[in-house]
Amino acid sequence: PPLSQRMAHMAFGAAPEGSLRDQKPAPKGAVALLQEFVQCSREFAAPQNRAILQWSYDQQMASAASLHFRATVAFVLDGVPHHVVGGWQPSKKLAQKDVAERTLRFFVGKWGQQLLEEDAAASAAPETEGSSEVEALEQFCRSFALCGGDRPRWTRHHAGRQCTSHLEVLLLGVPHKFEGAARPSSELADADVARRVLWYLQCPGYEAAFAPDPQAPAVSGKRIPDPPQNWTVSSSRELDDLRKAERKTSLMRVQNRLQQLLARALRAGESVWEWSYEMGSEDGTWPPMYRATVEVPMLGRAFLGAWARGQRAAQVEASLLVAEHLDRAEPSTSGGSGGGSVEGSDEGVEQAVRWADLDDED
């Protein structure tokens, strides 16, 4: 059945023994229960050897010596790939548990209860006949109980002659972001994503307006494609804060990555890298400009970073080059020769809710 019907059925209707509806205390944790919920989708079975739940993590400095983690879980519900992000937690395991609990609370709890109590899609259906998809969605969101009167917000991205529209709307107070397919104009792109969301919400008259493609990469591939970069941020200020947080933790991330890669070759107490610095000419500003060089003896390489204000920032610039090198190819863990190569750059390297990506049929 459609996703909305299945959620209402699982939350309050007849359910098989051992399901999420069971009133007996279950030993399963939130992650196992979420996997069980996702696997109830029989029409779009996951390929063999593909994880039902796929995880990724952000991290930020909680203090000078500790990290916090935020988990994103990706899964396919009735042919639609979803990405759900949780809150910041002191460990990856707690971050997994947090986002799994939030997902179950929303899908099985809030949404299922709302659909049963108010039968919102049928009782509050506006007159959409003769309206464009964009107009129909605006009208539907004003009256649909799940939206709480919130109006959709649109952003558009142009690439050459193609436009892709993104739409954000609150559903039961939770921000949801949807992406359409690339179209030759912004009007067609808006109409495309509006039609997909009307189908997703099962607006009367649009129940058959879209059909997930069972051969889409998100459904049939080994991994669910990632959502757009920085999809969890809603403003330029949030994006700036995210980039600052990423840069603050980049040094620790690269060091941990090297330690894991070279663990078998490292002697007790041996450092994975060695640092040296060049200070720029005085300009009366504090901190002064520095350029850092980091040598990784076991790789036989040194990396010359870009100029930056302060030693810490200079370290970050050089560490990003190390990360780029590790991304390109897994290096040998054997010791390097005395004349190792030097990689450098005069420019800094930038690394740069919930997302439902409704894949196109063709």
- May I ask you to list pairs of residues, at least six apart or on different chains, whose Cβ atoms are under 8 Å apart, with the first in segment 67-87 being farther than 17 Å from residue 213 by Cβ and the second being open to solvent by less than 10 Å² (accessible area, probe 1.4 Å) and among the hydroxyl-bearing types (Ser, Thr, Tyr)? 67/249; 73/103; 84/103
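At pLDDT below 80, of a type outside the set (Lys, Arg) and over 25 Å from residue 30 (Cα atoms), is that true of residue 124? Reasoning before the result, please.
Numbers: at pLDDT below 80: yes; of a type outside the set (Lys, Arg): yes; over 25 Å from residue 30 (Cα atoms): yes.
Taking the combined requirement at face value, the residue satisfies it.
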- Query: Yes or no: residue 269 surrounded by 13 or more Cβ atoms within 10 Å (Cβ to Cβ) and at pLDDT below 90?
  - Reply: no
- Looking at (1) touching a helix residue (DSSP H, G or I) at 6+ places or on another chain (Cβ under 6 Å); (2) open to solvent by less than 40 Å² (accessible area, probe 1.4 Å); (3) at pLDDT 85 or above; (4) not aliphatic (A, V, I, L, M), which is the only condition residue 112 fails? (3)
- Starting from residues that are of a type in the set (D, E, K, R) and not in a helix (DSSP H, G or I), keep the ones in segment 169-202 and report whichever is most open to solvent (accessible area, probe 1.4 Å). 183
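Residues to consider are 220, 185; find the one that is of a type in the set (S, T, N, Q) and at pLDDT below 85.
The unique qualifying residue is 220.
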- Options 294, 254; residue that is of a type in the set (A, V, I, L, M), assigned to a strand (DSSP E or B), in contact with a helix residue (DSSP H, G or I) (Cβ under 8 Å, 6 or more places away or on another chain) and surrounded by 18 or more Cβ atoms within 10 Å (Cβ to Cβ): 294
- Scope segment 90-109; condition open to solvent by less than 60 Å² (accessible area, probe 1.4 Å) and in a helix (DSSP H, G or I); matching residues: 95, 96, 98, 99, 100, 103, 104, 106, 107, 108, 109
- Identify, please: which residue in segment 155-168 is out of contact with any strand residue (DSSP E or B) (no Cβ under 6 Å at 6 or more places or on another chain) and outside any loop (DSSP other than H, G, I, E, B) and is, among those, nearest to residue 207 (Cα to Cα)? 162
- Message: Which residue is surrounded by the fewest Cβ atoms within 10 Å (Cβ to Cβ), if the candidates are limited to segment 209-229 and must be assigned to a loop (DSSP other than H, G, I, E, B), hydrophobic (A, V, I, L, M, F, W, C) and touching a Phe, Trp or Tyr at 6+ places or on another chain (Cβ under 8 Å)?
- Response: 209
- Query: Within segment 167-197, how many residues turn out to be within 18 Å of residue 85 (Cβ to Cβ) and in contact with a helix residue (DSSP H, G or I) (Cβ under 7 Å, 6 or more places away or on another chain)?
  - Reply: 8
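The values are calculated or read from the model by the stated rules, or taken from the named source; none is laboratory data. Quantities reported herein were computed from a predicted structural model and do not represent experimental measurements. Ideal geometry is used to build each Cβ from the backbone, glycine not excepted, and the neighbour counts take in all protein chains shown. What goes into the accessible areas is simple: the full protein's heavy atoms, side chains included, and nothing from ligands, DNA or RNA. Shrake-Rupley method; radii C 1.70, N 1.55, O 1.52, S 1.80 Å.
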